[in-house]
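The values are calculated or read from the model by the stated rules, or taken from the named source; none is laboratory data. Since this is a predicted model, take the numbers as computed values, not measurements. We place every Cβ from the backbone using ideal geometry, glycine too, and count neighbours over all the protein chains shown. Side chains are part of the model used for accessible areas, which takes the heavy atoms of the whole protein and leaves out ligands, DNA and RNA. Shrake-Rupley method; radii C 1.70, N 1.55, O 1.52, S 1.80 Å.
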Amino acid sequence: MPTTREPAVAGLFYPGEPSQLQHTVADLLGARAPTLPPPKALIVPHAGYVYSGATAAAGYALLAPVRERISRVVLLGPAHRVAFRGIAMSSAADFRTPLGAVPLDTAALASLRGLPHVGWLDQAHAQEHSLEVHLPFLQLALDAFSLVPLVVGEADAPTVGAVLERLWGGDETLIVISSDLSHYHDYATAQALDAATSAAIEQLAPERIDHGGACGRYPIGGLLWVARRKGLKCTTLELCNSGDTAGTKDRVVGYGAYAFH
């Protein structure tokens, strides 16, 4: 991969023009007032902003009080473009969006070498949207920060959890898990499925989330595994689907935002 990972879905999932993107994200964040303390970790959706941007903003708005304190973001999302086992690191020096470049924490990435099923796989990052769509939110919600981007293929909860534990850090580190919920059911079916998945997330029970429950099942599983070990509590911030935002109700995708303290 080149030194810079260029945006792959600007103009598709979110506005590609810088000022329009800044106004869009600022408006989404500005519509939310923090109602909980700043979280250690978030689960937020990764669809196009017209579909899930408001739900993602429900999580990112909580960061306002600590925007200067958080200096590193560990961002995990599922693989949509490349099938593989394990967890893929990027060899890029930075990830760019229309709002500018975010430097990677290369030392943190290097610290993962030697962990089982973790390796360099730039192809997994090149066209992947599950990480990219969160960067503009982070660029506006935080001051200067470095990024640890990881695309998760097939990997069990302890494997992902071991990576998160190594990168956990202190108050300077935020963990973000990217995932949508159920896909392409009718509205009522999706509501029932997503309610069950949300209950499993709140109860830190990754074994109750199957492939149909969340596309980010594997990275979610790792976070829930660590959350149980560390005694974190989860709160559902918002739960909806594309039928509530910008789509029809006959074939919807579910979205949820969750905060871990």
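Here the extension length gained between R113 and A31 equals 25.4 nm, from 0.36 nm per residue of separation less the Cα-Cα distance. Once backbone amide H atoms are built at 1.01 Å from N, H185 has V252 as its partners under 5 Å, excluding neighbours fewer than 5 places away on the same chain. If you bin all the Cα-Cα distances of the stretch 115-261 at 10 Å, starting from zero, the percentages per bin are 10, 38, 38, 13, 1.
So what is the accessible area of the chain per residue, in Å², with the probe set to 1.4 Å?
Numbers: 10330 Å² over 261 residues.
Counting only protein heavy atoms, the per-residue value for the chain is 40 Å².
Residues E207, E238, E132, E202 ordered from highest to lowest accessible area at a 1.4 Å probe: E207, E202, E238, E132. Rounded to the nearest whole Hz, the Karplus-based 3J(HN,Hα) values (6.51 cos²θ - 1.76 cosθ + 1.60, θ = phi - 60°) of the stretch 12-19 follow the sequence 10, 7, 8, x, x, 8, x, 5, with x at glycine and proline.
Here's how it looks for H46: its modeled amide H is under 5 Å from those of S179, D180, which are all 5 or more places away or on a different chain. Over all alpha-carbon pairs in the stretch 89-135, figure out the percentage whose distance exceeds 14 Å. Summing the P(r) tail past 14 Å for the stretch 89-135 gives 55 percent. Dividing the alpha-carbon radius of gyration of the stretch 24-159 by the rule-of-thumb value 2.2 N^0.38 Å gives 1.05. Taking all C-alpha pairs of the stretch 177-261, those more than 16 Å from each other amount to 46 percent.
In square nanometres, what is the average projected area of the Cα convex hull of the stretch 27-97?
Numbers: hull surface 26.0 nm².
For the stretch 27-97, averaging the hull's shadow over all directions gives 6.5 nm².
Using θ = phi - 60° in the Karplus curve 6.51 cos²θ - 1.76 cosθ + 1.60, the 3J(HN,Hα) couplings for the stretch 197-203 round to 5, 4, 4, 5, 5, 4, 8 Hz; x is entered for Gly and Pro. Across the chain, C-alpha contacts under 8 Å between residues 6 or more apart give a mean separation that, scaled by the residue count, equals a relative contact order of 27 percent.
For the chain, the mean residue ellipticity at 222 nm estimated from helices alone is -10000 deg cm²/dmol, where every DSSP H run of n ≥ 4 contributes -39500 (n - 2.57) and the total is divided by all residues, rounded to the nearest 500.
Taking the Cα centre of the chain as reference, the dipole from Cβ charges on Lys and Arg (+1) and Asp and Glu (-1) amounts to some 520 debye.
Rounded to the nearest whole Hz, the Karplus-based 3J(HN,Hα) values (6.51 cos²θ - 1.76 cosθ + 1.60, θ = phi - 60°) of the stretch 68-79 follow the sequence 8, 7, 6, 10, 8, 10, 9, 10, 10, x, x, 7, with x at glycine and proline.
Taking every Cα-Cα distance in the stretch 198-239 and sorting them into 10 Å bins starting at zero, the pair-distance distribution P(r) comes out as 31, 60, 9 percent. Extending 7 Å from the Cα toward the beta-carbon at both Y184 and Q123 defines two label points whose distance is 2.4 nm.
Each residue, A195 and Q22, gets one label point 7 Å from its Cα in the Cβ direction; the gap between the two is 4.4 nm. Taking amide H atoms as placed 1.01 Å from N in the peptide plane, the amide H of L237 lies under 5 Å from those of A257, Y258, A259, each 5 or more residues away in sequence or on another chain.
Once the chain is represented by equal point scatterers at the alpha-carbon sites, with solvent omitted, what log10 I(q)/I(0) does the Debye formula produce at q = 0.11, 0.12, 0.16 Å⁻¹? For the requested q values the scattering log ratios are -0.52, -0.63, -1.22.
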